């Protein structure tokens with residue numbers, strides 16, 4: 001026979017029942033959820049389960065505050081809770097501003113979800129404080145609002161292209177300027193010097209690289225604009 005859910009309900013914050021130590025994900029999946037499917041358990045009982053989870057979480061967090069490290073570890077070992085306590089401490093931290101009864105109508109799995117990802121869902125938890133009645137539907141609605149589409153990563157600009165035989169070459173994107181200064185200067189150099197645009201751009205980049213590397217310096221002589229060091 002399946003264990004009745006009410007047997008796992010904590011009787012109070014200060015004196016939790018021994019069965020509170022069984023509050024773990026597998027328990028709720030196998031007992032609570034299966035009970036809903038097979039025994040038509042009422043929503044009021046699920047509300048009691050949610051309250052019991054929160055009572056247990058707050059009590060455990062309170063014990064951690066009151067007890068020494070040694071005493072707290074002994075408590076976990078005595079109750080066989082070692083390794084299970086972390087999720088409840090997260091619940092206590094996430095919902096510390098609420099009373100258990102205020103969250104009674106939130107489904108247990110959702111309570112775990114919010115607590116386990118409290119950093120992600122902090123805006124959702126904060127908005128719950130403004131609700132006059134906290135329901136499962138309201139929480140789900142807030143979670144849905146929180147899921148904003150991820151912005152696609154901007155592709156890194158690249159000048160590199162490949163020919164059909166796999167060789168790589170660079171292609172400078174179009175230069176748009178209101179005064180067309182760069183294009184006019186480049187065309188003039190091509191016409192006057194008989195050089196290709198590629199040759200002029202290559203020389204310009206070589207000069208800029210030399211300047212950035214400190215091999216070219218600006219001088220005050222108006223007749224000589226730059227000199228190589």
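The values are calculated or read from the model by the stated rules, or taken from the named source; none is laboratory data. A quick note: this is a predicted structure, and the numbers were derived from the prediction, not measured. All Cβ positions, even for glycine, are placed from backbone atoms using ideal geometry, and neighbour counts span all protein chains on display.
Applying the selection to the stretch 93-113, what residues are more than 23 Å from residue 45 (Cβ to Cβ) and surrounded by 13 or more Cβ atoms within 10 Å (Cβ to Cβ)?
First, pick out the residues of the stretch 93-113 that are more than 23 Å from residue 45 (Cβ to Cβ): 93-94, 96-97.
Listed by number, the list holds a single entry, 94.
Taking residue 157, is it under 42 Å from the mean Cα position of the chain (by Cα) and either surrounded by fewer than 10 Cβ atoms within 10 Å (Cβ to Cβ) or more than 30 Å from residue 123 (Cβ to Cβ) (or both)? Explain how you work it out, then say what you get.
On the way: under 42 Å from the mean Cα position of the chain (by Cα): yes; either surrounded by fewer than 10 Cβ atoms within 10 Å (Cβ to Cβ) or more than 30 Å from residue 123 (Cβ to Cβ) (or both): yes.
For residue 157, the condition - under 42 Å from the mean Cα position of the chain (by Cα) and either surrounded by fewer than 10 Cβ atoms within 10 Å (Cβ to Cβ) or more than 30 Å from residue 123 (Cβ to Cβ) (or both) - is met.
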query = surrounded by 12 or more Cβ atoms within 10 Å (Cβ to Cβ) and within 23 Å of residue 47 (Cβ to Cβ), is that true of residue 116?
reply = yes
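Can you find a residue in the stretch 41-48 that is at pLDDT 90 or above, in a helix (DSSP H, G or I) and under 27 Å from residue 125 (Cα atoms)? Break it down into steps so the answer makes sense when it comes.
Within the stretch 41-48, the subset at pLDDT 90 or above is none.
No, the stretch 41-48 contains no residue that is at pLDDT 90 or above, in a helix (DSSP H, G or I) and under 27 Å from residue 125 (Cα atoms).
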task = Would you check if there is a residue in the stretch 180-192 being over 21 Å from residue 59 (Cβ atoms), surrounded by 10 or more Cβ atoms within 10 Å (Cβ to Cβ), touching a strand residue (DSSP E or B) at 6+ places or on another chain (Cβ under 7 Å) and not assigned by TED's automatic domain parsing to the domain that holds residue 46?
result = no
inquiry  = Looking at (1) in contact (Cβ under 8 Å) with a residue 40 or more places away in the chain; (2) surrounded by 14 or more Cβ atoms within 10 Å (Cβ to Cβ), which one does residue 80 not meet, given that it meets all the others?
reply    = (2)
